[in-house]
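What follows is a single structure, written as structure tokens, with notes after it.
The values are calculated or read from the model by the stated rules, or taken from the named source; none is laboratory data. Worth saying up front: this structure is predicted, and the values here are computed from it rather than measured. Because the Cβ atoms are built from the backbone with ideal geometry, glycine has one as well, and the counts that use them run over all protein chains shown.
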Amino acid sequence: MKRKSSKVRICRITVDEKLSADLCRFAFCFLREGLEQFTDLDDEWQKEQEKLVNPQSYFKVLNVKKSEAPAWETLEEGQVYLSGEFEVIGDSAKPEYFKVSPGIRKLLRVDKLPLIDEGIRALYSDVLGRG
């Protein structure tokens with residue numbers, strides 16, 4: 001399912017921690033080069049980085065205009081967004097995977113999607129099963 005792709009920047013951004021009413025820490029990482037189709041598996045993403053953001057700067061990390069970003073007040077710890085040039089394959093509420101698509105700009109909250117949620121449950125199950 002993973003095939004080569006031209007250089008397109010796609011970023012996964014997690015609202016890591018709300019430090020105060022006007023300060024959050026975002027954790028973000030870029031999609032590994034060469035992938036054309038992806039989900040949310042750790043090996044599909046480069047090393048995670050952190051950035052402190054405020055109401056005047058958070059939309060820049062999300063890589064959208066402020067008018068396209070979720071309202072600052074709605075950001076909560078644990079929310080995960082995909083930002084960049086990609087499209088959803090399958091039903092938008094229950095995607096099969098995501099596809100790199102140059103020219104299509106998108107910001108999508110993914111932490112509540114079954115594709116992501118199932119992966120997280122499987123990870124926790126594996127970790128708990130090892131003990």
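Tell me, please, whether a residue that is of a type in the set (Ser, Thr, Tyr) and either assigned to a strand (DSSP E or B) or closer than 16 Å to Cys11 by Cβ (or both) can be found in the stretch 85-100. Can you show your working first?
Step one: of the stretch 85-100, the residues of a type in the set (Ser, Thr, Tyr) are 92, 97.
If we keep only those that are either assigned to a strand (DSSP E or B) or closer than 16 Å to Cys11 by Cβ (or both) too, we end up with 97.
Yes, the stretch 85-100 has at least one match.
When the residues of the stretch 16-37 are filtered to those that are closer than 13 Å to Val100 by Cα and under 11 Å from the mean Cα position of the chain (by Cα), which remaining residue is surrounded by the most Cβ atoms within 10 Å (Cβ to Cβ)?
Of the stretch 16-37, the ones closer than 13 Å to Val100 by Cα are 30-37.
With the extra rule that they be under 11 Å from the mean Cα position of the chain (by Cα), the set shrinks to 30-31.
Working: Phe30: 15, Leu31: 23.
Only one residue fits best here, namely Leu31.
Each row is one residue, and each column tells you yes or no for (1) exposed (fewer than 14 other Cβ atoms within 10 Å of the Cβ); (2) basic (Lys, Arg); (3) touching a helix residue (DSSP H, G or I) at 6+ places or on another chain (Cβ under 8 Å).
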position: Leu41; (1), (2), (3): yes, no, yes
position: Phe59; (1), (2), (3): no, no, yes
position: Lys65; (1), (2), (3): yes, yes, yes
position: Tyr81; (1), (2), (3): no, no, yes
position: Val88; (1), (2), (3): no, no, no
position: Glu96; (1), (2), (3): yes, no, yes
Quiz item: Any idea which of (1) touching a Ser or Thr at 6+ places or on another chain (Cβ under 8 Å); (2) under 19 Å from Val110 (Cα atoms); (3) not basic (Lys, Arg) is the one Asp42 doesn't satisfy?
Solution: (1)
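Yes/no matrix, rows are residues, columns are (1) under 24 Å from Pro114 (Cα atoms); (2) without any contact (Cβ under 8 Å) to a residue 24 or more places away in the chain:
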| site | (1), (2) |
| --- | --- |
| Pro55 | no, no |
| Lys66 | no, yes |
| Glu73 | no, yes |
| Glu77 | yes, no |
| Val80 | yes, no |
| Phe86 | yes, no |
| Gly90 | yes, yes |
| Val100 | yes, no |
Exercise. Any chance you could count how many residues in the stretch 19-68 are part of a helix (DSSP H, G or I), at pLDDT below 95 and among the hydrophobic types (A, V, I, L, M, F, W, C)?
Key: 1
